[in-house]
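Reading through the structure tokens given below for one structure.
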Amino acid sequence: MKRLRRMIRLIRLALHVCLGVCMTVLFAGVWQATFYPRLVRWWLSKAGRIVGIQLTVVGNPAAEAVLMVANHISWLDIALLGGVANPRFLSKQEVRQWPVIGWLAAKSGTLFITRGKAGAAAQAAATILQALQAGDSVLLFPEGTTTTGNDVRTFHARLFAPAFEAGVAVQPVALRYPGQDGLTHPVVPYVDQQSLWDNLKALLSESGIQAEIHFLPLMTTTGIDRKALAAACEQQIRAFCALQP
């Protein structure tokens, strides 16, 4: 049964990617038009459903430009968040090189940074600031990596600096993929040395994977420094992590 489920979903997902390529070729040049972001949001939300994710959303994404910060568990995070909100994501440069997916991400407005090089943090901050000043919301994962989802790592405060410079609020966003005993569903985390293909195969074989997105209240940058703000966002998100009942 799992093998059949995986095959059917894989075929549907491949067709959906082809549709995304066609949509991008036809409409990516009109990014500023209202309908294209809606198409991107629809495509991402549909991709999550094809994989078999049953999503629950609590709260609402900010209507104005904000810096969104979320815990990071899987590549699925981007599809699910992009399917209910309309932020520009900050991603590592390596993703840009992924066949098809990297091209689709770039065309949909993803911001790319080169990690591990001198000046990478400054480049990331400048890229985020430019997007915020242009009126776009930006979503980043301040842990800097994916985790098992059963805890939240320390948030890097440096990436919060553009919110202060642009004078915009920060919205914490908590992600959960609850499985048995309140822990994260074991096939969801994209961690260690697992390949994207192996992770995708495991996901496509499962039935009824639950996911939750909690859009938490906005936090102002007034009267607080970036380290304190990063710690406050981290604490709020940890309150919703998978270890919580």
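When the residues of region 102-115 are narrowed to those that are closer than 18 Å to ARG41 by Cβ and without any contact (Cβ under 8 Å) to a residue 40 or more places away in the chain, which ends up surrounded by the fewest Cβ atoms within 10 Å (Cβ to Cβ)? Before the answer, list the steps.
Let us first name the residues in region 102-115 that are closer than 18 Å to ARG41 by Cβ, namely 104-111.
The next check asks that each one be without any contact (Cβ under 8 Å) to a residue 40 or more places away in the chain; those that pass are 105-106, 110-111.
Working: ALA105: 19, ALA106: 16, THR110: 18, LEU111: 19.
That would be ALA106.
Being crowded, with 16+ Cβ neighbours inside 10 Å, among the hydroxyl-bearing types (Ser, Thr, Tyr) and either touching a helix residue (DSSP H, G or I) at 6+ places or on another chain (Cβ under 7 Å) or free of Cβ contacts under 8 Å to residues at least 12 places away in the same chain (or both), is that true of even one residue in region 69-80?
No - not one qualifying residue is present in region 69-80.
Condition (residue is over 12 Å from the mean Cα position of the chain (by Cα), over 14 Å from HIS214 (Cα atoms) and among the charged types (D, E, K, R)) applied to region 97-114: is it met by at least one residue?
yes
Just a yes or no: is a residue in region 22-43 within 20 Å of ASN199 (Cβ to Cβ) and open to solvent by less than 20 Å² (accessible area, probe 1.4 Å)?
no
Out of the residues in region 148-164 that are open to solvent by less than 80 Å² (accessible area, probe 1.4 Å) and not in a loop (DSSP other than H, G, I, E, B), which is modelled with the lowest pLDDT?
Once the filter is applied, the top-ranked residue is LEU159.
Starting from residues that are of a type in the set (Lys, Arg) and over 22 Å from GLY179 (Cβ atoms), keep the ones in region 41-67 and report whichever is modelled with the highest pLDDT. Working first, answer last.
First, the residues of region 41-67 that are of a type in the set (Lys, Arg): 41, 46, 49.
After this cut, where a residue has to be over 22 Å from GLY179 (Cβ atoms) as well, the list is 41, 46.
Values: ARG41: 91, LYS46: 95.
Checked region 41-67; the qualifying residue modelled with the highest pLDDT is LYS46.
Within region 188-214, can you find the residues that are open to solvent by less than 40 Å² (accessible area, probe 1.4 Å) and of a type in the set (A, V, I, L, M)?
Answer for region 188-214, where residues must be open to solvent by less than 40 Å² (accessible area, probe 1.4 Å) and of a type in the set (A, V, I, L, M): VAL188, VAL191, LEU200, ALA202, LEU203, LEU204, ILE209, ALA211, ILE213.
When the residues of region 165-184 are filtered to those that are in a helix (DSSP H, G or I) and within 21 Å of SER137 (Cβ to Cβ), which remaining residue is least open to solvent (accessible area, probe 1.4 Å)?
ALA166
Does ALA121 satisfy the criteria of being surrounded by fewer than 16 Cβ atoms within 10 Å (Cβ to Cβ) and assigned to a helix (DSSP H, G or I)?
Numbers: surrounded by fewer than 16 Cβ atoms within 10 Å (Cβ to Cβ): yes; assigned to a helix (DSSP H, G or I): yes.
Judged against the criteria, ALA121 is a match.
Hey, does region 7-25 have a residue that's closer than 20 Å to LYS201 by Cβ, touching a residue at least 40 places away in the same chain (Cβ under 8 Å) and charged (D, E, K, R)?
Yes, there is a match, as at least one residue in region 7-25 is closer than 20 Å to LYS201 by Cβ, touching a residue at least 40 places away in the same chain (Cβ under 8 Å) and charged (D, E, K, R).
Pairs only if they're at least six apart or on different chains, beta carbon under 7 angstrom, first in region 168-194 and under 19 Å from ALA79 (Cβ atoms) and among the aromatic types (Phe, Trp, Tyr), second open to solvent by 20 Å² or more (accessible area, probe 1.4 Å) and assigned to a loop (DSSP other than H, G, I, E, B); list them, first residue then second.
As it stands, the answer is TYR177/HIS185; TYR190/TRP75; TYR190/THR146, since those pairs meet every condition given.
The values are calculated or read from the model by the stated rules, or taken from the named source; none is laboratory data. For clarity, every value in this text was computed on a predicted model and none was experimentally measured. No Cβ is skipped: glycine too gets one built from the backbone with ideal geometry, and neighbour counts run over all protein chains shown. Calculation scope for accessible area: heavy atoms of the full protein, side chains included, ligands and nucleic acids excluded. Shrake-Rupley method; radii C 1.70, N 1.55, O 1.52, S 1.80 Å.
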